[in-house]
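Visitor: First the structure, which I've put down as structure tokens, then a few questions once you've had a look.
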Amino acid sequence: MPPVNRNQPVRAESSESRHSLMEFMQRFPNDAACLEYLWRERYSPDGEHADCPKCGQVRSFRRYESEQLRCSWTCVACGLHVHPLVGTIFEKSSTSLHLWFYAMYLMVSTRCGISAKQLERELGVTYKTAWRIAFRIRNYLMEQNDAEPLTGDVEADKTYVGGVRRGTRRGRPGPESHKVAVFGMVERKGRVVAVTVPNVRKATIMPHIERRVLPASTVYTDELKSYDGLEKKGYPHKRIQHSEQVYVSGDVHTNTIEGFWSLTKRGIGGVYHSVSAKHLQGYLNEYAWRYSHRDDGQAMFETLLLRAARGS
């Protein structure tokens, strides 16, 4: 029987995890390991040599101990300091880099999200710090602005997120309601995009479709009149008549995007209980990001780390 290597994490063959907690702690045990990762990903793959902006060529860099605990590497030729944290969400943060990495790991390791209150307990920081960390991860690392256009079979639908004031009709959006309109598009077996919108009129929805969906992609919608004109824009358009109690007709349906709405609403209701209209887009970013990367070949944590290292 071969000896067991106790330094390597043991994972069951049936596990769906691609990056376990034990692997995270072994790879990033402290701040130094996290900083070394950013240095290698951003500037120096071998950990020593990097392009020096001042010298104009590849130079050797070293990290020197200092009383200020400076997070930088120094060119041995000209003395230029290179800071791996500059241009990232970690810049000017007094919170431990190790805690930032752990927060990122927690936010992508759960299907339904993790509240700032739970992050506070896990990280051992104040609620204000935990909320700020989660806010910056959602709005900077998980933002959907740079997403590639959707293509193929694309479903589009609108929904409303939020509650209602007492004495008003349940489910009726409008000035008397707390509900916020949300518009989404999803590739079947692919990525999803979800954005808050002021209303679901044609003039509001159509620009999102034109910007997010490649022409010639087949768009599946319900019978909402705001989708009129899709064919004139070059999109093959198929509708499902929900008002006639028809929800699937061959390959015509919007069940994929409605499934995403269900996942998002149940997650918000169960984990966060309620979110404000001001910050709803950030939570949509989080759920959409996890959904879009669910079938990636690498762990979601790895993908998020690379985005963090890429910086602004």
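Visitor: Testing Arg310 on (1) among the basic types (Lys, Arg); (2) under 29 Å from Ala116 (Cβ atoms); (3) more than 23 Å from the chain's Cα centre (by Cα), one condition comes back false. Which one is that?
Guide: Status for Arg310: all satisfied but (3).
Visitor: Another one. Regarding region 239-251, can at least one residue be identified that is of a type in the set (Gly, Ala, Ser) and in a helix (DSSP H, G or I)? If you could, list the steps in order and put the result at the bottom.
Guide: Step one: filter region 239-251 for residues of a type in the set (Gly, Ala, Ser), giving 243, 249-250.
Still in the list and also in a helix (DSSP H, G or I): 243.
Yes; the residues of region 239-251 include at least one that is of a type in the set (Gly, Ala, Ser) and in a helix (DSSP H, G or I).
Visitor: Restricting to region 229-241, count the residues that are out of contact with any Pro (no Cβ under 7 Å at 6 or more places or on another chain) and surrounded by 14 or more Cβ atoms within 10 Å (Cβ to Cβ).
Guide: Selection size over region 229-241: 5.
Visitor: Within region 34-66, track down each residue that is surrounded by 12 or more Cβ atoms within 10 Å (Cβ to Cβ) and polar (S, T, N, Q).
Guide: Ser44, Ser60
Visitor: Give region 239-260 a look and list any residue that's within 16 Å of Lys158 (Cα to Cα) and not hydroxyl-bearing (Ser, Thr, Tyr), or say none.
Guide: Pass one, region 239-260, residues within 16 Å of Lys158 (Cα to Cα): 239-243, 247, 253-260.
Hits for region 239-260 are Arg239, Ile240, Gln241, His242, His253, Asn255, Ile257, Glu258, Gly259, Phe260.
Visitor: Quick one: count up the residues across region 141-151 that are within 17 Å of Ala308 (Cβ to Cβ) and either without any contact (Cβ under 8 Å) to a residue 60 or more places away in the chain or of a type in the set (D, E, K, R) (or both).
Guide: Residues meeting the conditions: 3.
Visitor: Here's a follow-up. Answer yes or no: is there a residue in region 44-54 that is assigned to a loop (DSSP other than H, G, I, E, B), without any contact (Cβ under 8 Å) to a residue 24 or more places away in the chain, touching a helix residue (DSSP H, G or I) at 6+ places or on another chain (Cβ under 9 Å) and over 26 Å from Met300 (Cβ atoms).
Guide: Checked against the condition, which is being assigned to a loop (DSSP other than H, G, I, E, B), without any contact (Cβ under 8 Å) to a residue 24 or more places away in the chain, touching a helix residue (DSSP H, G or I) at 6+ places or on another chain (Cβ under 9 Å) and over 26 Å from Met300 (Cβ atoms), region 44-54 yields at least one hit.
Condition check ((1) in contact (Cβ under 8 Å) with a residue 24 or more places away in the chain; (2) of a type outside the set (Val, Ile, Thr)) across all residues:
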residue: Phe90; (1), (2): yes, yes
residue: Ser93; (1), (2): no, yes
residue: Leu99; (1), (2): yes, yes
residue: Tyr105; (1), (2): yes, yes
residue: Arg111; (1), (2): yes, yes
residue: Ile114; (1), (2): yes, no
residue: Gln118; (1), (2): no, yes
residue: Thr126; (1), (2): no, no
residue: Ala130; (1), (2): yes, yes
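Visitor: Scan region 119-130 residue by residue and report those that are closer than 26 Å to Arg294 by Cβ and either of a type in the set (Phe, Trp, Tyr) or at pLDDT below 95 (or both). Don't jump to the end; show me each part of the working.
Guide: The first filter runs over region 119-130 and keeps only residues closer than 26 Å to Arg294 by Cβ, leaving 119, 122-123, 130.
Residues satisfying the conditions do not exist here.
The values are calculated or read from the model by the stated rules, or taken from the named source; none is laboratory data. This is a predicted model, so every value here is computed, not measured. Every residue, glycine as well, gets a Cβ built from its backbone with ideal geometry; the counts of neighbours run over all protein chains shown.
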